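> Below is one structure. I have some questions about it.
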């Protein structure tokens, strides 16, 4: 009888531990693990537009063009950047989040590039002014300007409530790269605060100048920062892309897509 009682007690203890473990696995009282919907595509503009539009819908409608929104999405395509900030380094890192009331609404999109960096370049020549070979290597997805960090393959973006200095988060972000040749060279890493919640690689194109789209939308997490890695070598005179017989995978960026930035508070 005593032995049976001890066996029964042990069995109850095992069952209780198992149920507790199941509760933890089901995130009862625990933060849910990162859960992302990742979309990607490579090819010419006609090949990727369906995936791009699917991601737009995932982020939400409408496309917002004025401050004061809480839903929907934002886009940056660089094409309305004025001539004073085109084809030269020094594109302002906060250009797309002006807090000056008299600035146009197009400058108030809640996007901050790596603070303090002065080597961002918006270009209308496929960067052929840096090296003539880039004219054949790169394409623009939307006419006619593209974007790159000319001093680093890494660019980070953070978010503000559009038109303000209030820190914000998004639940999804994606962009279009041009001329990804190495499937391991170009990627996005997403952060919720200081915690990395996912690294996703952009697909390589098959022909010179193909586009590669990559985007991720998170169900539970707040995305407060995105680390963009574009290729394995920065643009510079004499640096040839592998598609032009060189040894580097040189990659540029075009359109950005992200959900409406909302206050972290």
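The values are calculated or read from the model by the stated rules, or taken from the named source; none is laboratory data. This is a predicted model, so every value here is computed, not measured. Cβ placement follows ideal geometry from the backbone for every residue including glycine, while neighbour counts extend to all protein chains displayed.
> Just checking, which of 218, 200, 173 is in the same structural domain as residue 43 (by TED's automatic domain parsing), under 19 Å from residue 78 (Cβ atoms) and touching a strand residue (DSSP E or B) at 6+ places or on another chain (Cβ under 6 Å)?
Values: 218 fails: under 19 Å from residue 78 (Cβ atoms); 200 fails: under 19 Å from residue 78 (Cβ atoms).
Selected residue: 173, the only one of 218, 200, 173 that is in the same structural domain as residue 43 (by TED's automatic domain parsing), under 19 Å from residue 78 (Cβ atoms) and touching a strand residue (DSSP E or B) at 6+ places or on another chain (Cβ under 6 Å).
> For region 227-252, name all the residues that are crowded, with 22+ Cβ neighbours inside 10 Å and outside any loop (DSSP other than H, G, I, E, B). So that I can check it myself, show each step before the final result.
Residues of region 227-252 crowded, with 22+ Cβ neighbours inside 10 Å: 228, 230-231, 235, 241, 249-252.
Matches in region 227-252: 228, 231, 241, 250, 252.
> Still on this structure, please answer the following. Within region 197-207, track down each residue that is more than 15 Å from the chain's Cα centre (by Cα) and surrounded by fewer than 16 Cβ atoms within 10 Å (Cβ to Cβ). Can you show your working first?
The first filter runs over region 197-207 and keeps only residues more than 15 Å from the chain's Cα centre (by Cα), leaving 204-207.
Scanning region 197-207 gives 206, 207.
> Give 128, 152 a once-over and let me know the one that is touching a helix residue (DSSP H, G or I) at 6+ places or on another chain (Cβ under 8 Å), over 20 Å from residue 80 (Cβ atoms) and surrounded by fewer than 21 Cβ atoms within 10 Å (Cβ to Cβ).
Values: 152 fails: touching a helix residue (DSSP H, G or I) at 6+ places or on another chain (Cβ under 8 Å).
Result of the check over 128, 152: 128.
> Residue under question is residue 137, and the condition is that it be in contact with a helix residue (DSSP H, G or I) (Cβ under 7 Å, 6 or more places away or on another chain) and surrounded by 19 or more Cβ atoms within 10 Å (Cβ to Cβ); does it hold?
Working: in contact with a helix residue (DSSP H, G or I) (Cβ under 7 Å, 6 or more places away or on another chain): yes; surrounded by 19 or more Cβ atoms within 10 Å (Cβ to Cβ): yes.
In short, yes.
To keep it simple, each residue is scored yes or no on (1) within 11 Å of the chain's Cα centre (by Cα); (2) in contact (Cβ under 8 Å) with a residue 24 or more places away in the chain; (3) in the same structural domain as residue 54 (by TED's automatic domain parsing).
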site	(1), (2), (3)
195	no, no, yes
234	no, yes, yes
241	no, yes, yes
248	no, no, yes
255	yes, yes, yes
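Listed here are the residues, each with its yes/no results for (1) within 19 Å of residue 139 (Cβ to Cβ); (2) touching a strand residue (DSSP E or B) at 6+ places or on another chain (Cβ under 6 Å); (3) buried (at least 22 other Cβ atoms within 10 Å of the Cβ).
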| site | (1), (2), (3) |
| --- | --- |
| 184 | no, no, no |
| 189 | no, yes, no |
| 213 | yes, yes, yes |
| 223 | no, yes, yes |
